[in-house]
Amino acid sequence: MRNFLSATTSTCPVCRKLVQAKIYEESGRVFMDKTCLKHGHSKAMISSDSAYYKKALSFIKPANIPLKSGNPFKKACPDNCGYCTEHEQHLCMPIIEITGACNLNCPICITGGNTKRKNMSLREFKATLNKLIEYEGQINVLNLSGGEPLNHPQFKEIIKLCRRPEITRVSVSTNGLGLLKDTRLIKFLRDENVVTSLQFDGFSDSVYNKIRGVKLRAKKLKLISLLGSFNAPMSIVCTLVKDVNENEMRKILKLFFSKDNILSLMIQPMAYAGKGADFPRYGTDRITIPDAIKLVAGNSGGIIKKSDFLPLPCSHPLCFSLTFLLKLPGGKYLPINRFVKLEDYLDVIKNKPIFGLDKDDFEKVKKVAYDLWSGPYACIPQGKKVLEIIRTLLKEADKNKANARKLFDIGERHIKSLFIHYFMDADTFDLSRARKCCNAYPQPDGSLMPCCVYNVLKRN
């Protein structure tokens, strides 16, 4: 039996024109149903767990308003991007595509594999940074992407342009192959305090053959070892594809927990956009956030439970789910939400892509710690370990509370983060989600294009 939940604006999966859509639950799952006048009826599953879907919607938080909007409101959403004054969130993480060139030809490439896009000039990059700071004031995390960003002929100069007090941290999304050719780049990135955000889909060549088009297992493992030997901060980004690499999750999590220089794990259920629109699939079946949560919980060796994941209040709650883990003595980890009140936890992480150890949130974190020390958690053995770590963390942070970069460094030595980011495609596009997008691609004209709006509707 169908149970109607809501209505939204979506896209025809064939012509990409906007169409009206109904969202309903049936047999414990959530679907989107729509009809294009030219191409007819279509249906997509948007959540494999209707209970998760409905609960997630209760986590919507008031948005942070940017200092300045990119565009005045002139046309209906999404043709006025962006962000215009009607957008319902500020920008948490800009993703600057500095080049279209790439040394791989992935069958699932969300950008469409348009390698003819030109390299961004240093002048254009500097102007983009100026605009971002004009809009936001402070950029907590700036991501450089492509194409393959390491292919940019002036990559080092671009990194040096990011040495600005308004930018807390820079990450580079890369397949890593350029680091194997020139290991000096690893030292350069480490010395510049840049996070290497490494594409890593598993430990099997059959996986890489299917989703990257080439065998990469040995190269990826060598990269992990090299980055560890330099103690270079890194993140793992895993694209999770139905019936391809779900069985890799246990090994990926083991790697994540075993390496101190791996700060975070980003799991991205595949979006069938760009070249990925032609990737084989089976009806409406796909991996959604509840599936990824179940995989993580079932393969973490008891470290993480399904209840440890919460939607990221910064974005639309159906876009991200995450958990932060405090490092304990002996290499063990404990999800932070287990010992912090839910309202305090959400207040600290709202409107930010990282745990709230910046100068604005310092007093909030302090309050959370004081509540712990005076509460029942302090009386149990594990609680004492947690409190000692937090006491040490706060002492370090107190000495550096005027320096956002140092606070970030302190936090990442004690805390790992695990994100699930569910991009949309033409089948699952929901305009209500796009209006709360907090990740955007800055464009040459100074506008900020919400990621899924750009990937589904605007890429050439």
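The values are calculated or read from the model by the stated rules, or taken from the named source; none is laboratory data. Owing to the predicted nature of the structure, the values given are computational and were not obtained by experimental measurement. Counting neighbours? That spans all protein chains shown, and the Cβs are built from the backbone with ideal geometry, glycine included.
Here's the yes/no breakdown for (1) over 17 Å from the mean Cα position of the chain (by Cα); (2) modelled with pLDDT of 95 or more; (3) under 23 Å from SER307 (Cα atoms); (4) not acidic (Asp, Glu):
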residue	(1), (2), (3), (4)
LYS251	yes, yes, yes, yes
PHE257	yes, yes, yes, yes
SER264	no, no, yes, yes
GLN268	no, yes, yes, yes
ALA277	yes, no, no, yes
ARG281	yes, no, no, yes
ASP285	yes, no, no, no
ILE289	no, yes, yes, yes
LYS294	yes, yes, yes, yes
**Asked** Among (1) surrounded by fewer than 19 Cβ atoms within 10 Å (Cβ to Cβ); (2) part of a loop (DSSP other than H, G, I, E, B), which single condition is ALA7 missing?
**Response** (2)
**Asked** If you go through the stretch 62-74 one residue at a time, do you hit one that is farther than 26 Å from PHE279 by Cβ, in contact with a helix residue (DSSP H, G or I) (Cβ under 8 Å, 6 or more places away or on another chain) and of a type in the set (Lys, Arg)?
**Response** yes
**Message:** I need every pair where a residue in the stretch 127-147 that is of a type in the set (Asp, Glu) has its Cβ under 9 Å from the Cβ of a residue that is at pLDDT 90 or above and in a loop (DSSP other than H, G, I, E, B), sequence separation at least 6 or different chains.
**Reply:** GLU136/GLU166
